[in-house]
Amino acid sequence: MRYFVARGEHRRLDSATRDELRGSFAQCSGGVTHYELTGPADGELVVLAGGLTIPLFYWDLFAEQLHGRGFRTLAYSGYGRGYSDRVRGGYDETLFVRQLSDLIEQSGVTGPWHVVGTSMGALVALAFVERHIEQTATLTVVGPGGLESKPPAGAELLRHDRSGALLGKYLGNRMLRNHLSHNVRDPQRSAALAAMVRECYEFEGSMYALLATIADFPLTARQDLFARVGESPVPSMLLWGAEDQVTPVARFDEVRKLLAPMESHVIEQCGHMAPYERPAEVAAKFGAFADRAGQRSQR
């Protein structure tokens, strides 16, 4: 898809802009990555990989809960999200996995680390862990994508320069609003999430990045990836919101069979974004899981 600037994108990301923004920035091979490395300096590291639209702020309440349990967190915004660069090119799996690998190297952290991925970020987490088996302590996937057999409606149009640019410029904001409207069960939390995401979509190239990801990233039929990681020695946990309307919980048993997780839980009265909607409960489950996985590895 050819790069375009959509309506409402009236800001530009550059060094001057970033001086006024929260967080840290690393020059990775694909561009500048926005990240925050926070929590107890001597805590076990938890790497947080977000989904299709979200900036690193999505993780704030969950990260705070993890810090209280003694963990250190590395949260970041994928390319085209938050305050990370809008890459003028393809947004495939290789780009996002390389970004995380680059960030790990640039930030100077060492393994073993825990990896948590939600929605599309679960696929990034799975692919990243597959390449870093020895450095990974645990893997947690939350409401993962990648299980449908067919791409989203209209995805094929996005692979063509003219139709993709037209959709992005004139219908992109409506598509984004529709997507965000059913991510979170609670209306107030949903409105806060939408405001968080929309602020970042004021930067040039944001809608292009979103639609290019839908066109380029392998978001369907990823059962083989789940199965391969499931055969690895990395202990895993599967979490899913009972009222997820984006990646329906009907796929829970399928993923449990493929990934063969050490633990699996359905979180009641929760939508698609469990770490955002139920941060204390998800952190408690993660902490208990990490403890049990650590005990098993010491046997």
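Residue pairs whose Cβ atoms lie under 7 Å apart, sitting 6 or more positions apart in sequence or on different chains, and linking a residue in the range 252-263 that is open to solvent by less than 70 Å² (accessible area, probe 1.4 Å) to a partner that is among the hydroxyl-bearing types (Ser, Thr, Tyr), are LEU259/SER236; PRO261/SER236; MET262/SER236.
From the list GLY78, GLY143, pick out the single residue that is modelled with pLDDT of 95 or more, under 23 Å from GLY30 (Cβ atoms) and surrounded by 24 or more Cβ atoms within 10 Å (Cβ to Cβ).
On the way: GLY143 fails: under 23 Å from GLY30 (Cβ atoms).
Answer to the selection: GLY78.
Restricting ARG2, ARG18, ARG72, ARG22 to residues that are at pLDDT below 95 and under 20 Å from the mean Cα position of the chain (by Cα) narrows the list to ARG22. Within the range 5-21, is even one residue surrounded by 20 or more Cβ atoms within 10 Å (Cβ to Cβ), touching a residue at least 12 places away in the same chain (Cβ under 8 Å), among the small types (Gly, Ala, Ser) and part of a loop (DSSP other than H, G, I, E, B)? Taking every residue of the range 5-21 in turn, at least one turns out to be surrounded by 20 or more Cβ atoms within 10 Å (Cβ to Cβ), touching a residue at least 12 places away in the same chain (Cβ under 8 Å), among the small types (Gly, Ala, Ser) and part of a loop (DSSP other than H, G, I, E, B). All conditions but one from (1) open to solvent by less than 50 Å² (accessible area, probe 1.4 Å); (2) at pLDDT below 95; (3) of a type in the set (D, E, K, R) apply to ARG222; the one that does not is (2). Of all the criteria given as (1) out of contact with any helix residue (DSSP H, G or I) (no Cβ under 9 Å at 6 or more places or on another chain); (2) under 26 Å from PHE71 (Cβ atoms); (3) in a loop (DSSP other than H, G, I, E, B); (4) open to solvent by 40 Å² or more (accessible area, probe 1.4 Å), the one not satisfied by ASP291 is (3). Do we have THR38 as open to solvent by less than 40 Å² (accessible area, probe 1.4 Å), touching a residue at least 24 places away in the same chain (Cβ under 8 Å) and touching a strand residue (DSSP E or B) at 6+ places or on another chain (Cβ under 7 Å) here? Considered against the rule, which asks whether it is open to solvent by less than 40 Å² (accessible area, probe 1.4 Å), touching a residue at least 24 places away in the same chain (Cβ under 8 Å) and touching a strand residue (DSSP E or B) at 6+ places or on another chain (Cβ under 7 Å), THR38 comes out as no.
Candidates in the range 146-178 are the residues that are part of a loop (DSSP other than H, G, I, E, B) and modelled with pLDDT under 80; of these, the one that is farthest from GLU277 (Cα to Cα) is HIS160.
The values are calculated or read from the model by the stated rules, or taken from the named source; none is laboratory data. Everything numeric here is computed off the predicted structure, so don't read it as measured data. Positions of Cβ are generated from backbone atoms using ideal geometry, with glycine treated the same way; all protein chains shown enter the neighbour counts. Ligands, DNA and RNA are stripped out before the accessible areas are found, and what is left, the full protein with its side chains, is counted by its heavy atoms. Shrake-Rupley method; radii C 1.70, N 1.55, O 1.52, S 1.80 Å.
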